[in-house]
Amino acid sequence: MPVAASTAPAPREDEPDFDQARILAEYRTIRNDTESLCQPLAIEDYGIQSMPDVSPPKWHLAHTTWFFETFLLMPFLPEYRVFHPQFGYLFNSYYETVGSFFPRAQRGLLSRPTVGEVYRYRQYVDRAMEALIATLHQPDTTLSRIKLGLNHEQQHQELLLTDIKYNFALNPLRPVYLQRTEPRCCRPSTLKWLDYPAGVRAIGHQTKGFAFDNETPRHAVYLGACRLASRLVSNGEFLEFVEAGGYRRAEHWLSDGWAAGRQKGWQAPLYWENIDGAWWLMTLAGLRRLDEHEPVCHVSFYEADAYARWRGKRLPSEAEWEVAAESQPVEGNLRNAGYLHPVATQGKQTIEQLYGDVWEWTQSPYRPYPGFRALQGPLGEYNGKFMCNQIVLRGGSCVTPKDHIRPTYRNFFYPADRWQFSGIRLADDGQN
Ligand SMILES: [Fe+2]
């Protein structure tokens, strides 16, 4: 995803139930989902790139298609002919070993191919992919790559929404992507502190099913006793930090964070606007008054860390988060709930909002697990080369597909990034 959330899969050829019809259905469903997310767009919306980290919707549609063309059809479908000889240059994201690519920050300058041509490219590749899937008879490298391509497409589905939101927020007309009807009146549940004892734990993926390679290998970690907050930090709680001058007091901030905040002029989370003394918030449903009960969202790691220090707390490590999450059902306000916005917790579970709502910043640098090995060949670039200078986030967000998240999933962004749906869960040291 990123550069936005790039992650790569563990090569797995251990699927016990090979079902060609199910694979084809999954392929069609996920490819159709991407196009469904573009249904609310006007034709002019498809080409906008409002900052280098944001890609135009048209580019996401084409790049995900290029991925299947490059890593599945060209190597595995003998009679396949590429749709256009220059699309590899235009829609390769960052695979240096595949070839050169168009500058990322200039993707919004491409009026051609047209949106119609990009949709025809998708249809052309989809027909060929269906022919390729028809040749599968057992789990093999081709199937593993198809699963990677589908998970890659789901990552770009999330990016489509985050990028559309950023583009729309810069437009003074404050366009509405989609009206929604999520609950707004409830107060967040009382925050409780949940104890986790010290001990040796195991983290990382080892069960059957798809996983990116950055989730492996499963390994032991020693954790001191800790406590995790039972829910996310709310807008109202974060507003206390804003009103207490938190953005103007260097003592709460990491040095790099303080410099970033000064340089970028941060005074509140991204998408907060103070209009005549009242706080408003840009959402995918347009501009609206800030709801103090909702989880705070669109904060950088630096802001999350400063807030935690101001409260006398800290962020959880990714291992602490995973140990807490692995026994919990993968349920929550994910994209399938339809809100596309974080919502206040109802207080029905012991530990809440682990999945969905917002990606939770951890204090953990994005590094390889002990024994990590990148994939062979160009797909080795998918993930391993980003394991420096970024921070791990966990749990998925309100724009993450429900079948795309799991306890071991590691997302990662640079510490100053805040256009993703990123928020805060507090932690502290427990009694050893
Ligand atoms: Fe990608």
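The values are calculated or read from the model by the stated rules, or taken from the named source; none is laboratory data. As the structure is a prediction and not an experimental result, all values here were calculated from the model. Neighbour counts are summed over all protein chains in view; Cβ atoms, including those assigned to glycine, are modelled from backbone coordinates with ideal geometry. The protein model used for the area step is the full one, side chains on, heavy atoms only, and it has no ligands, DNA or RNA in it. Shrake-Rupley method; radii C 1.70, N 1.55, O 1.52, S 1.80 Å.
Accessible area per residue, 1.4 Å probe, Å², for segment 193-429: what's the number?
Numbers: 8850 Å² over 237 residues.
With all protein chains present, segment 193-429 gives 37 Å² per residue.
Let's test this: bin the Cα-Cα distances of segment 150-265 at 5 Å from zero up to the farthest pair and state each bin's percent.
All Cα pairs considered, the percentages come to 2, 7, 8, 9, 13, 17, 20, 16, 7, 2, 0.
Please compute one quarter of the surface area of the Cα convex hull for segment 193-429 and express it in square nanometres.
Averaged projected hull area, Cα only: 13.5 nm².
What part of the accessible area of the chain, given as a whole %, is carbon or sulfur when the probe is 1.4 angstrom?
50 percent
Normalise the Cα radius of gyration of the chain by 2.2 N^0.38 Å (N = residues in it) and let me know the number.
Working: Rg = 21.5 Å, N = 432, 2.2 N^0.38 = 22.1 Å.
Compactness ratio reported: 0.97.
Test of understanding: what is the full-extension gain from SER111 to GLN138, defined as 0.36 nm times their sequence separation minus their Cα-Cα distance?
Values: separation 27, 0.36 × 27 = 9.72 nm, distance 4.19 nm.
Roughly 5.5 nm would be gained on extension.
Rolling a 1.4 angstrom probe over the protein heavy atoms, how many square angstrom per residue are accessible across segment 3-169?
Spelled out: the 1.4 Å probe surface of segment 3-169, per residue, equals 41 Å².
How far is it, in nm, from the label point at GLN39 to the one at GLN376 when both lie 7 Å from their Cα along the line to the Cβ?
Result for the modelled spin labels: 4.3 nm.
Over all directions, what mean area does the Cα convex hull of segment 330-416 project, stated in square nanometres?
Averaging across all directions leaves 7.2 nm² for the Cα convex hull.
Can you sort HIS298, HIS137 by solvent-accessible area, 1.4 Å probe, largest first?
The residues order as HIS137, HIS298, largest area first.
If the chain between ASP403 and LEU194 were fully stretched, how many nm would it gain, using 0.36 nm times the residue separation less the Cα-Cα distance?
Extra length available between ASP403 and LEU194 comes to 72.5 nm.
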